[in-house]
Amino acid sequence: CNRCYLIASIPYQLFNYLLMSSPKAASTSTSPRVTNDAKTEIGQARRRLSVLSEKLAEGVDSVNLDESPPEEAAPDASSGFIVNSYGGYSKKGYAPYNPKKKNQDDKEGHAPYNPKKKNQDALIMAEDPKTRSLFFCVMDGHGEDGDKVSQGIKAKFANYLFKHRDFATDIKSALAEVIDKCEKEILRESSIETDFSGTTFTCAVIRNNKCTLANIGDSRTSLGFRNAAGGVTAIGLTDDHKPDLPAEKARIEAKGGRVFAVEYDDGVDGPARVWLGHMDVPGLAMSRSLGDVVAHSAGVSSEPDFVEYEFNPDREDLILVMASDGLWEFMSNQEVMDIAYNTTEPRFAVDRLISESNERWMREEQVIDDTTVCVAFLGNFQSSSINPPASSSAPEGK
């Protein structure tokens, strides 16, 4: 997620502007303005993934939903899972060439696509037969080594969790300790730059009819239940950790950090970001994350919010959706559930949701963020929709 850090999605000239600007006390103006001269260098910065630096433009690839099939599985019915089937897919983003890219002869040229571009998101879907538990997790990396942070945690998290001494009896305690352990191991890894790199983390452990969720950052988990009209109503199970939320902002300011959005001469401003108290860096657009050493010195936290939810058979909970903000940026909880409700299988829901979010990103920003989606159908729910999947080439699940 290159838009999470302001310094990760802007040219070097603006980074110097931020780094060399005079220190500001928290009580001074909280919205520095970028001059017309600076705008000449950076173009008109927009609210989300706004300006393409050469580095970002060289690190993109074309959109292709068929790189690999959405994973899908049906838990063993004898295990007592309330989830009857689930599927997930992680799709790397897209950005156009940078028309200001110069070639080695210092002439105007085009930045090529980079087929080695890495998806900074990560997805975990795992089952633990011993405790009859399902584990879903989505991470959205950001910064120079965001992919290494998210993939490094992915490689070990489920194994650590399922082997934790408390997992069978105290899921919340086990999650908290494994999250802390994984973050510390990543921070100790010398090959991963974590000063300005990190990841979000949202997960769910489903056992019998109970769901224990942990959330750090702005990835999200939502639930859809059947309403009185026979359709689906969506609710958020987790809350996005944004810097301008009162409790989050208070914690950051108590640690000496500042929260503000950058404003530009054309009146367009961006999301609230976290800054050091004496310098306009790092500009992280979330208030909790794993990694991000510099942002954590300004009050960003790695402490998860926990939610313990009991699936409600009387209300008939139908669908669980967990995703990175590549999905949620332009789609509401309700829009997401309406689409999932009108598909016949979780893998088709995943396909449609990614396709729709990709289209909205291109309409709004002409770029696409990495997008990871996991969908689970609950209880006896099977959509009555006869509509075909959004993509005629949707690959088969497992």
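The values are calculated or read from the model by the stated rules, or taken from the named source; none is laboratory data. All values reported here derive from a predicted model rather than from experimental measurement. Every residue, glycine among them, receives a Cβ derived from its backbone with ideal geometry; neighbour counts consider all protein chains shown. All accessible areas refer to the heavy atoms of the entire protein, side chains included, with ligands and DNA or RNA removed. Shrake-Rupley method; radii C 1.70, N 1.55, O 1.52, S 1.80 Å.
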### Accessible surface of the stretch 230-278 [probe 1.4 Å, protein heavy atoms]: carbon and sulfur percent
53
### Task
Please give the FRET efficiency for residue 195 paired with residue 239, using the beta carbon to beta carbon distance and R0 = 41 Å, rounded to the nearest 0.05.
0.90
### Summary
FRET efficiency (residue 315, residue 131; Cβ distance; R0 22 Å; to 0.05) is 0.25
### Summary
Rounded to a whole %, the carbon-and-sulfur portion of the accessible area of the stretch 168-209 at a 1.4 Å probe is 47
### Task
Specify whether the C-alpha gyration tensor of the stretch 260-387 places it in the rounded, prolate or oblate class, a ≥ b ≥ c being the square roots of the eigenvalues: rounded for a/c under 1.5, otherwise prolate if a/b is larger than b/c and oblate if not.
oblate
### Summary
Pairs over 20 Å Cα to Cα, from 91/118; 181/255; 154/249; 118/148; 172/210, come to 181/255; 154/249
#### Entry: Solvent exposure of the stretch 191-323 as accessible area per residue, Å², 1.4 Å probe
34
### Query
Can you give the FRET efficiency for residue 247 and residue 208, using 1/(1 + (r/R0)^6), R0 = 35 Å, r = Cβ-Cβ distance, to the nearest 0.05?
0.65
#### Entry: Separation of the residue 227 and residue 170 label points, Cα + 7 Å toward Cβ, nm
4.1
## Note on the structure
Scalar couplings 3J(HN,Hα) for the stretch 361-372 by Karplus 6.51 cos²θ - 1.76 cosθ + 1.60 (θ = phi - 60°), nearest whole Hz, x for Gly and Pro, are 4, 5, 5, 7, 10, 6, 9, 9, 6, 3, 9, 10
